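Chemist: Below is a structure I'd like to ask you about.
The values are calculated or read from the model by the stated rules, or taken from the named source; none is laboratory data. Fair warning: this is a prediction, and the values are worked out from it, not measured in the lab. So basically every Cβ, Gly included, is an ideal-geometry build from the backbone, and we count neighbours across all protein chains shown. Just the protein is used for accessible areas: all its heavy atoms, side chains included, with ligands, DNA and RNA removed. Shrake-Rupley method; radii C 1.70, N 1.55, O 1.52, S 1.80 Å.
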Amino acid sequence: MTTINDVTDLTYDGEPGSGQIAVITLDSPPVNALSAPVRDGLWEAFNQATASDASAIVLICEGRTFIAGADITSFGGPATGKSLLEVQLMMENSPIPVVAAIHGTALGGGLEVALCAHYRIAVPSAKCGLPEVNLGLLPGAGGTQRLPRIVGPQQALEFMTTGMHVPAAECLDSGLVDALATEGNLRADAVAYARQLVAEGKPLKKVRDNDDKVAGARDTPEIFSAFRASKAARKWRGFLAPEAIIKCVEAAVNLPFDEGIKREQELFHGLVTSDESAAQRYVFFAERQVWKMPDVPRETEVLAVESVGVIGAGTMGGGITMNFVNAGIPVTIVETTQEALDRGLAVVRANYERSAKNGRFPLEDVDRRMAMITPSLSLSDLSDVDLIIEAVFENMDIKKEIFATLDDVAKPGAILATNTSALNIDEIASATARPEWVIGMHFFSPANVMRCVEVVRAKHTSLEVINTAMQTSKRIGKLAALVGVCPGFVGNRMLAQRGREAQALLDEGAMPWEVDKALYEFGFAMGPFQMSDLAGLDIGWSKDTSNGATIRDQLCELDRRGQKTSAGYYDYDENRTPSPSPITEEIVRAFAAKSGRDARTFTQDDITERLVLPMINEGAKILAEHKAMRSSDIDMIWITGYNWPAYRGGPMFYADQLGVGVVLERLKALQAEYGDMWAPAPLIEELAASGGTFASVPASPISTD
Ligand code: 3HC
């Protein structure tokens with residue numbers, strides 16, 4: 001065996017001079033990403049192997065996967081060592097056949113390397129994908145030009161704009177891989193395959209030369225316009241990469257290979273230097289950071305959760321139930337009346353039927369899923385479950401009563417969780433004699449759709465219970481962030497600041513549709529007033545106590561209670577399309593006149609700043625109080641709990657991009673104009689003084705003070 005460098009070995013299989021096969025083995029944990037040593041090792045190994053008397057070369061990886069792509073940490077850093085292009089040219093121009101042997105995932109640059117081999121063999125469990133789009137990038141190592149030459153432009157568009165991981169069997173069908181190996185026997189099968197290719201005198205197939213599939217699409221430019229207009233395109237608003245990928249595939253169809261590569265390079269450069277991609281790359285790592293808890297060791301026990309109890313069959317309880325059932329975990333759902341139970345289960349069934357109709361699973365599955373839910377009218381039916389989640393309405397006395405009862409009925413070792421979105425969990429836990437088993441699991445609405453769970457650590461919650469709540473959230477496909485007890489926890493505490501300013505803007509004469517438009521343009525799906533109309537303006541409003549003191553009061557008094565009454569902040573037509581309402585406008589103007597502030601017009605930037613800066617300020621306070629472990633956790637809560645646009649990286653990353661000094665300056669200016677609620681958080685002052693960023697603040701355990 002020749003050791004090329006720390007991560008690359010070269011061995012030979014067979015007798016020298018008699019058709020031996022060179023085997024290049026990469027071993028660069030965790031995922032064999034294409035770092036400089038990997039590229040250098042590959043180049044040198046191919047250089048030596050092609051100069052040897054081997055008759056073919058197999059490229060294979062150690063560890064959990066084939067090459068999973070470029071090293072994402074290295075983007076934007078100085079270029080060192082051999083370039084990926086040099087490695088690819090060495091492979092593609094090899095005078096002897098090169099076979100890529102794939103297990104795990106061949107992703108991004110990893111698949112692009114494999115596409116420069118003359119043949120690809122994969123184990124059945126392997127998957128291939130070009131997921132660069134999720135990082136705000138396009139496949140920039142020839143993938144956009146080679147993939148359409150194998151699978152055709154239509155499939156290539158789908159493949160690259162979704163970033164899907166395609167199973168080996170499908171890759172075999174589409175020609176992306178040439179042969180399947182036996183699971184667990186990849187090395188031997190790949191060597192045998194290489195020998196067979198040599199014996200049969202198979203040609204050195206270069207994907208770049210395969211023009212049939214792209215030439216066939218030259219007369220059908222409408223595939224691109226149709227793709228741009230497709231349903232999927234709506235999801236791409238604000239993201240730069242999908243359009244750049246489409247342009248590359250157009251180049252693959254219309255230009256010679258080398259010119260197509262040049263086009264790919266230009267477009268890749270534009271993306272890799274964009275703020276959007278920087279944000280999405282940050283999100284990639286932030287998603288993986290959330291699970292790391294400074295004072296909860298990795299080896300902390302995860303308790304078995306094989307059955308769950310949910311208390312409350314309302315919107316939240318039903319959604320929470322669906323999450324567990326979808327993951328194969330049976331749920332007992334408890335309500336106070338048969339009517340509420342029936343209503344809740346009917347909503348769950350209707351949701352499942354809709355999913356089945358949309359093709360997510362077969363219609364027969366609806367009954368199978370519903371059968372995993374046991375309805376009950378008694379908390380004592382929860383005596384045997386491993387995890388109980390209370391999801392009744394936000395009333396401390398009721399929650400305490402429920403937890404006191406649970407203390408009597410739940411088995412020892414059951415986790416007692418509350419889905420409260422704001423109440424003090426220490427107080428809820430005080431109703432039990434086992435506060436170490438009490439924790440918050442705050443799901444976001446709709447709970448069966450939104451990925452976020454705030455796992456709320458109370459004063460006495462044990463490490464095992466924390467770890468189990470986090471891992472169980474992961475198991476049901478959620479992104480969980482550990483947070484501390486404070487009013488509204490992380491997400492709603494920041495949202496309250498944004499809500500305060502949205503109302504203040506109206507009081508100063510901004511129209512609800514102007515505020516909503518600013519947030520929509522920023523990248524949110526909708527603004528607070530559209531959201532309010534959707535949810536119902538009368539949530540928490542009472543006719544008996546309403547005295548017209550707020551804009552909302554006045555709207556509700558006019559029976560403008562949101563979409564359900566076809567009027568709220570907006571007017572709605574029969575298709576629920578909103579339009580600005582002259583009545584709302586009149587009310588807003590009257591309030592603005594009363595406020596004593598000069599009526600003014602707001603630019604979109606004014607509004608965005610007024611809504612986003614208070615969130616950042618509150619986020620800084622949360623971080624300083626250690627109610628979140630790190631700033632990127634706050635960002636993930638906003639991305640997965642409120643649909644903050646991923647290409648803006650979350651509020652704290654956005655603040656870092658603006659510059660903490662700029663944030664400080666703007667907060668001070670707003671403080672001078674509007675008063676001390678705008679006083680900058682001390683952490684912002686500190687970071688601005690030291691030139692620091694939120695991302696540079698070290699992770700800290702959650703404070704339980
Ligand atoms: N670069 C650097 N680090 C990477 C990486 C990459 N491409 N891919 C994964 N990692 C790191 C992760 O951050 C994580 O680090 P940590 O343990 O310190 O948190 C570790 O490797 C393990 O990753 P996961 O926790 O994600 O492990 P899984 O087993 O769950 O998943 C995976 C493995 C499917 C390979 C997943 O890591 C993944 O999807 N990776 C990214 C793939 C990708 O996007 N490739 C394209 C890169 S861009 C590119 O290639 C550009 C090219 O076109 C020029």
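Chemist: Going by accessible area, probe 1.4 Å, with all protein chains left in place, what is the ranking of Asp178, Asp173, Asp705, largest first?
Modeler: Per-residue accessible area, sorted high to low, gives Asp705, Asp173, Asp178.
Chemist: May I pose another question? Just to verify a number: FRET efficiency for Glu665 and Ser74, C-beta to C-beta distance, R0 = 35 Å, to 0.05? Kindly include the intermediate steps, with their values, before the conclusion.
Modeler: Numbers: r = 33 Å, r/R0 = 0.95.
Once the sixth-power term is evaluated, E becomes 0.60.
Chemist: Still on this structure: Using a 1.4 angstrom probe on the protein heavy atoms only, could you order Leu180, Leu479 from most to least accessible area? Provide the component values of the computation, followed by the final result.
Modeler: Working: Leu180 75, Leu479 0 Å².
Ranking Leu180, Leu479 by accessible area, largest first, yields Leu180, Leu479.
Chemist: Using the scaling law 2.2 N^0.38 Å as the reference, what is the normalised Cα Rg of the chain?
Modeler: Taking the Cα Rg and dividing by 2.2 N^0.38 Å, one obtains 1.09.
Chemist: In addition: Taking the Cα centre of the chain as origin, work out the dipole magnitude from +1 charges on Lys and Arg Cβ and -1 charges on Asp and Glu Cβ, in debye rounded to 20.
Modeler: 680 debye
Chemist: Further question on the same structure: On the full set of protein chains, 1.4 Å probe, figure out the accessible area of Asp53 and give it in Å² to the nearest 10.
Modeler: Answer for Asp53: close to 80 Å² accessible.
Chemist: If you don't mind, another one. How much length is gained if the chain between Ala350 and Ser696 is pulled fully straight, taking 0.36 nm per residue apart and subtracting their Cα-Cα distance, in nm to one decimal?
Modeler: 119.9 nm
Chemist: Among Asn448, Gly314, Trp678, whose Cα projects farthest towards the positive end of the dipole of the chain, with charges put on the beta-carbon of Lys, Arg (+1) and Asp, Glu (-1)?
Modeler: Farthest towards the positive end: Asn448.
Chemist: Among residues other than Ile702 whose Cβ falls under 9 Å from its Cβ, what is the net charge (Lys/Arg +1, Asp/Glu -1)? All intermediate terms of the calculation are to be shown ahead of the outcome.
Modeler: Values: positive: Arg457, Lys627; negative: Asp295.
Combined, the nearby Lys, Arg, Asp and Glu give +1.
Chemist: Ok, one more. What is the distance in Å between the Cα centres of segment 322-381 and segment 166-189?
Modeler: After rounding, the separation between the Cα centres reads 39 Å.
Chemist: Run the dipole for segment 509-594 about the Cα centre, Lys and Arg Cβ at +1, Asp and Glu Cβ at -1, nothing else charged, and hand back the magnitude in debye, nearest 20.
Modeler: The dipole of segment 509-594 has a size of about 160 debye.
Chemist: Beyond 20 Å between alpha-carbons counts as too far, so tell me which of Lys621/Lys668; Lys459/Lys627; Lys292/Lys627; Lys411/Lys474; Lys517/Lys543 fall in that bin.
Modeler: Lys411/Lys474; Lys517/Lys543
Chemist: Separate question: Would you please give the FRET efficiency between Leu255 and Arg64, computed as 1/(1 + (r/R0)^6) with r the Cβ-Cβ distance and R0 = 45 Å, to the nearest 0.05?
Modeler: 0.75
Chemist: Counting only heavy atoms of protein chains, what accessible area per residue, in Å², does segment 509-594 have with a probe of 1.4 Å?
Modeler: 51 Å²
Chemist: Further question: Roughly how much of His626 is accessible, in Å² to the nearest 10, using a 1.4 Å probe?
Modeler: Result for His626: roughly 70 Å² accessible.
Chemist: Report the one residue of Leu240, Ala251, Ala229 whose Cα lies farthest in the direction of the positive end of the charge dipole of segment 183-279 (charges on C-beta: Lys and Arg +1, Asp and Glu -1; origin at the Cα centre).
Modeler: Sorting the options by dipole projection puts first Ala229.
Chemist: So for Arg610, Arg552, what's the accessible-area order with a 1.4 Å probe, most first?
Modeler: The most accessible residue leads, giving Arg552, Arg610.
Chemist: Test of understanding: what is the full-extension gain from Glu306 to Glu364, defined as 0.36 nm times their sequence separation minus their Cα-Cα distance?
Modeler: Contour length minus the Cα-Cα distance gives 18.5 nm.
Chemist: Among the lysines, which fall within straight-line cross-link reach of Lys262, defined as a Cα-Cα distance under 26 Å, with same-chain neighbours fewer than 8 residues apart omitted?
Modeler: Of all the lysines, those that pass the test against Lys262 - Cα under 26 Å, at least 8 places apart if same chain - are Lys82, Lys205, Lys206, Lys213, Lys247.
Chemist: Given labels modelled 7 Å from the Cα in the Cβ direction, how far is it in nm from Glu200 to Asn547?
Modeler: 8.8 nm
Chemist: Report in % the part of the accessible area of the chain that belongs to carbon and sulfur, leaving out ligands and nucleic acids; probe 1.4 Å.
Modeler: In the chain, the share of accessible area belonging to carbon and sulfur is 52 percent.
Chemist: Can you order the peptides 502-512, 245-255 by their average number of other Cβ atoms within 10 Å per residue, highest first?
Modeler: In decreasing order of mean packing, 502-512, 245-255 become 245-255, 502-512.
Chemist: Turning to a different aspect of this structure: Rounded to the nearest 500, what is the chain's calculated 222 nm mean residue ellipticity when only DSSP H runs of at least 4 contribute -39500 (n - 2.57) each, over all residues?
Modeler: Roughly -14000 deg cm²/dmol at 222 nm, from the helical runs in the chain.
Chemist: Over all directions, what mean area does the Cα convex hull of segment 127-189 project, stated in square nanometres?
Modeler: Seen from a random direction, the Cα hull of segment 127-189 projects 4.7 nm² on average.
Chemist: Separate question: Based on the inverse mean of 1/r over its pairs of different Cα atoms, what is the Kirkwood hydrodynamic radius of segment 41-88, in Å?
Modeler: Every distinct Cα pair counted, the radius reaches 13.0 Å.
Chemist: Something else: Which FRET efficiency value, to the nearest 0.05, do you get for Ser703 and Asn424 by plugging their Cβ-Cβ distance into 1/(1 + (r/R0)^6) with R0 = 22 Å?
Modeler: 0.95
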